[in-house]
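Input: a single structure, listed below in structure tokens.
The values are calculated or read from the model by the stated rules, or taken from the named source; none is laboratory data. For clarity, every value in this text was computed on a predicted model and none was experimentally measured. A quick note on method: Cβ atoms are made from the backbone with ideal geometry, for glycine too, and the neighbour counts reach across all protein chains shown.
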Amino acid sequence: MTPQEFNTFRDNLNPASGFQSIQFREIEFLSGVRRTETLAHIQMDDAQRARLDARLEAPSLYDRVKALLARRGFASETGAPLIESMRTIYTNPEQHYDLYLLLEDLIEFDERFLLWRGRHVRMVERMIGQRTGTGGSSGAKYLQGTLDYRFFPELWEVRSYLGKGAYV
């Protein structure tokens with residue numbers, strides 16, 4: 001589809017923007033990104049609001065992973081203790097194979113989501129350039145800023161401490 005073709009019906013998409021998507025916010029909340037400022041831009045009924053509030057209050061996937069690590073004897077506090085727990089798992093995969101596989105599945109999920117976000121930014125730039133998004137956001141500029149969000153930030157950071165010559 002060309003930008004000209006897209007723009008023939010773009011205005012009819014309101015309010016169907018991902019920026020305003022309840023389901024998209026649920027995915028973010030469940031995964032650990034709890035950006036509540038976006039809720040002001042979503043039109044929702046009481047049942048939808050209750051569903052989002054419940055997702056926001058429930059433990060995220062990352063919370064559950066940290067709880068699992070704690071049950072298995074690892075430090076699970078955000079930051080350096082969690083990174084050290086992950087480093088231990090990565091440097092001793094044979095002793096913690098199930099946790100090792102879980103961490104790898106989580107990083108892959110996070111990476112695939114980031115890749116999707118990146119492709120979405122490029123598609124928006126291709127279709128509307130730097131115009132305002134259908135949901136009222138700054139469009140591609142707003143989406144570009146979302147590329148900094150990680151569901152599992154310590155899982156990304158631990159990679160700096162793995163392998164030969166890694167600083168500990």
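Annotations
Okay, residues lined up against (1) free of Cβ contacts under 8 Å to residues at least 12 places away in the same chain; (2) in contact with a helix residue (DSSP H, G or I) (Cβ under 9 Å, 6 or more places away or on another chain); (3) more than 30 Å from GLN144 (Cβ to Cβ):
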{"residue": "ARG72", "(1), (2), (3)": "no, yes, yes"}
{"residue": "GLY79", "(1), (2), (3)": "no, yes, no"}
{"residue": "TYR90", "(1), (2), (3)": "no, yes, yes"}
{"residue": "PRO93", "(1), (2), (3)": "yes, yes, yes"}
{"residue": "LEU99", "(1), (2), (3)": "no, yes, yes"}
{"residue": "ASP105", "(1), (2), (3)": "yes, no, no"}
{"residue": "PHE109", "(1), (2), (3)": "no, yes, no"}
{"residue": "ARG112", "(1), (2), (3)": "yes, no, no"}
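- Residue list for region 38-51, restricted to those being modelled with pLDDT of 90 or more and either hydrophobic (A, V, I, L, M, F, W, C) or under 30 Å from LEU99 (Cα atoms) (or both): ALA47, ALA50
- Of LEU82, LEU56, all but one fail to be modelled with pLDDT under 95 and surrounded by 12 or more Cβ atoms within 10 Å (Cβ to Cβ); the exception is LEU56.
- Test for LEU30: is it aliphatic (A, V, I, L, M), in a helix (DSSP H, G or I), surrounded by 13 or more Cβ atoms within 10 Å (Cβ to Cβ) and within 22 Å of the chain's Cα centre (by Cα): yes
- LEU61 closer than 20 Å to SER31 by Cα, under 15 Å from the mean Cα position of the chain (by Cα) and surrounded by 13 or more Cβ atoms within 10 Å (Cβ to Cβ): yes
- Residue count for region 65-76, restricted to those that are surrounded by 13 or more Cβ atoms within 10 Å (Cβ to Cβ), modelled with pLDDT of 95 or more and out of contact with any Pro (no Cβ under 6 Å at 6 or more places or on another chain): 7
The rows are residues; the columns are (1) acidic (Asp, Glu); (2) out of contact with any Lys or Arg (no Cβ under 9 Å at 6 or more places or on another chain); (3) buried (at least 17 other Cβ atoms within 10 Å of the Cβ).
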residue: GLU5; (1), (2), (3): yes, yes, no
residue: GLU37; (1), (2), (3): yes, yes, no
residue: THR91; (1), (2), (3): no, yes, no
residue: LEU99; (1), (2), (3): no, no, yes
residue: GLU104; (1), (2), (3): yes, yes, no
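- Looking at ARG159, ARG117, ARG150, ARG122, just one residue is outside any helix (DSSP H, G or I) and under 21 Å from the mean Cα position of the chain (by Cα), and that residue is ARG150.
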